[in-house]
């Protein structure tokens, strides 16, 4: 996790009593334009207690974090289960991307956490099932 921390401003938001204890939300920029919608959406999904979500506030920061984590193959988010951190591209909170909402992207990442694996099919299956159950 310290590899992600270097060079970035840490912004921890408290959302509400139960969510604040459950997830830490960090932003790569003190004046992050997407942090408010990101915090609202992140609070809507079941991240494990003590999990950290780092929002890449602009495209330069997103690319830098992808390279640092060797995650160039992902477009929207990536998760390091051992480090208990999910990094999310801030742009997804401004608009849906290719038919995927920010909510679905976050559920997919939680799917990786739940299966404790890198298996995209398992993560997507968990996200789809969870989304159906919420309807």
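Throughout, read-outs are computed from the coordinates displayed, never taken from laboratory work. As the structure is a prediction and not an experimental result, all values here were calculated from the model. FYI the Cβ positions are ideal-geometry reconstructions off the backbone, even for glycines, and counts take in every protein chain you see.
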Completion exercise
Within region 25-95, the percent of DSSP beta bridges that are antiparallel, given to the nearest 5, stands at 35
Handout entry: Extension gain, residue 84 back to residue 124 (0.36 nm per residue minus Cα-Cα distance, nm)
Key = 12.5 nm
Completion exercise
Fewest-first ordering of 70, 29 by Cβ atoms within 10 Å yields 70, 29
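For region 26-71, what is the Kirkwood hydrodynamic radius in Å, using each pair of distinct C-alpha atoms? Each step should come with its number before you reach the end.
Values: mean 1/r = 0.0864 Å⁻¹.
This gives a value of 11.6 Å.
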